[in-house]
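Everything below concerns the one structure shown next.
Values quoted throughout were computed directly from the atomic coordinates according to the rules given, and no laboratory measurement underlies them. All of these numbers come straight from a predicted model, not from anything done at the bench. FYI the Cβ positions are ideal-geometry reconstructions off the backbone, even for glycines, and counts take in every protein chain you see.
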Amino acid sequence: MTMGKLYAIGEVLIDFVPLQKGLPLKDVVTFDRAPGGAPANAAAAVAKYGGMSSMITKVGEDPFGDFLIEKLESAGVETDKIRRTNEAKTGIAFVSLKEDGERDFSFYRHPSADLLLQEDEIDTKWFKLGDILHFCSVDLVESPMKKAHKKAILAVIQSNGLVSFDPNVRLPLWDDPEACRRAILEFIPLAHIVKISDEELEFITNISNIDEAIETLFCGNVRAVIYTKGSAGADLYIKKYKYESKGYPVKAVDTTGAGDAFIGGILYQLLERGACPFNVVEILQEHHVELLAFANGSGALTTTGLGAISSLPTKEEILELIK
């Protein structure tokens with residue numbers, strides 16, 4: 001059986017990561033640039049672990065666009081579905097790091113090039129059985145890109161592929177937190193797999209009890225919810241079942257991209273096992289121990305370096321950590 005491909009749609013941008021930790025953004029003097037954007041990070045993780053992945057987005061006709069395409073290609077991600085435009089610049093984000101590796105973001109996009117991807121630039125014939133489409137919420141603001149997401153998602157569903165959604169809430173990018181919440185709730189029923197963090201769950205559901213909040217996410221197409229708890233690991237929910245897993249202790253330098261590396265680890269293993277809407281529940285139940293261990297290892301090791309894509313571990317390093 002031919003292994004399916006991960007298609008990631010959404011933002012790809014430059015993260016400017018500070019070389020000084022523990023300072024507020026206004027006091028940082030020097031930065032290093034790193035390729036970023038949550039969907040792109042997940043695509044790079046899948047490619048790094050031996051899967052096929054492709055990025056669907058738009059970047060500017062500018063040096064940062066060149067840089068991102070080069071970096072994705074060197075990470076093994078297919079870039080032939082990345083469009084170019086001179087109507088807007090490639091997105092950038094400045095990140096400030098606290099001593100524990102946690103971070104603050106300041107984004108520059110009014111709009112950035114990724115938001116200009118048009119729905120007619122999505123070809124429904126790209127997708128087939130065994131493929132997975134992964135997306136996040138950053139590019140679900142009212143824009144051509146939001147319509148492009150809808151077209152891609154519906155095309156994948158029609159081709160019997162899997163849809164994965166990581167809300168990855170970034171409120172500074174929204175004029176109104178409620179608009180962000182509404183967009184996430186609009187798209188959750190379209191996904192088969194929803195990854196949600198402990199920092200996001202109550203904001204999205206308006207429910208403080210974890211199990212009750214997660215129960216509300218089982219709507220529409222949703223087959224599984226993965227609840228991530230940072231260094232404490234992650235829990236997998238499948239309707240009435242809950243599977244727990246522990247994280248792996250590492251010395252965190254920069255947590256940027258850890259959640260993306262986690263979901264990339266899950267999606268890679270689902271591709272490897274030929275997951276589709278008809279068998280994904282069975283695969284998750286049968287292999288939850290190794291799926292969650294690999295994903296936790298992927299996320300943990302990514303925090304030990306600066307940046308997201310540049311810090312992704314090898315498959316062998318993950319297997320060594322979790323054995």
FRET E, pair Phe278, Leu25, Förster distance 41 Å, beta-carbon r, rounded to 0.05: 0.30
Name the helices (complete DSSP H segments) of the chain with a Cα length along the long axis of 27 Å or more and a Kyte-Doolittle mean of at least 0.5, or state none. 280-302
Tell me which lysines have Cα within less than 27 Å of Lys251's Cα, excluding those fewer than 8 residues away on the same chain? Lys21, Lys26, Lys48, Lys71, Lys98, Lys195, Lys229, Lys315, Lys323
Could you give the size of the charge dipole of region 1-76 about its Cα centre, using +1 on the Cβ of each K and R and -1 on the Cβ of each D and E, expressed in debye and rounded to the nearest 20? 300
Take each of the peptides 173-184, 150-161, average the number of other beta-carbon atoms within 10 Å over its residues, and list them starting from the highest. 150-161, 173-184
What does the charge dipole of region 232-323 about its Cα centre add up to, to the nearest 20 debye, if the Cβ of each Lys and Arg holds +1 and the Cβ of each Asp and Glu holds -1? 240
For region 110-170 the GluC sites (Glu not before Pro) that pass both the DSSP coil test and the at-most-16 other-Cβ-within-10 Å test are Glu142
Give me Leu319, Leu292 ranked fewest to most by other Cβ atoms within 10 Å of their Cβ, as a rough exposure proxy. Leu319, Leu292
Scoring the chain by relative contact order with C-alpha pairs under 8 Å, at least six apart, yields a percentage of 19
Of Lys81/Lys147; Lys89/Lys128; Lys128/Lys150, pairs whose Cα-Cα distance is over 28 Å: Lys89/Lys128
Along the dipole axis of the chain (charges at Cβ: +1 for Lys and Arg, -1 for Asp and Glu; origin at the Cα centre), the most positive-end residue among His288, Leu217, Phe94 is His288
Three-way shape label, region 231-284, alpha-carbon gyration tensor, a/c 1.5: oblate
With the dipole of the chain defined by +1 on each Lys or Arg Cβ and -1 on each Asp or Glu Cβ, the option from Leu154, Ser298, Ser137 whose Cα lies farthest towards the positive pole is Leu154
Sequence ranges 73-82, 186-195, 208-217, 249-258, ranked by mean other-Cβ count within 10 angstrom, highest first: 186-195, 249-258, 73-82, 208-217
Looking at the square roots a ≥ b ≥ c of the eigenvalues of the Cα gyration tensor of region 47-122, which shape do they give, rounded for a/c under 1.5, prolate if a/b is larger than b/c, or oblate? oblate
From the square roots a ≥ b ≥ c of the eigenvalues of the alpha-carbon gyration tensor of the chain, which class results: rounded (a/c under 1.5), prolate (a/b over b/c), or oblate? rounded
CD proxy at 222 nm, helix term only [per DSSP H run n ≥ 4: -39500 (n - 2.57); per residue of the chain; nearest 500]: -10500 deg cm²/dmol
Report the charge-dipole magnitude of the chain in Debye, nearest 20, computed about the Cα centre from +1 at each Lys and Arg Cβ and -1 at each Asp and Glu Cβ. 480
Charges on Cβ only, +1 for Lys and Arg, -1 for Asp and Glu, centred on the Cα centroid of the chain; of Ile193, Ala38, Gly247, which one is farthest towards the dipole's positive end? Ile193
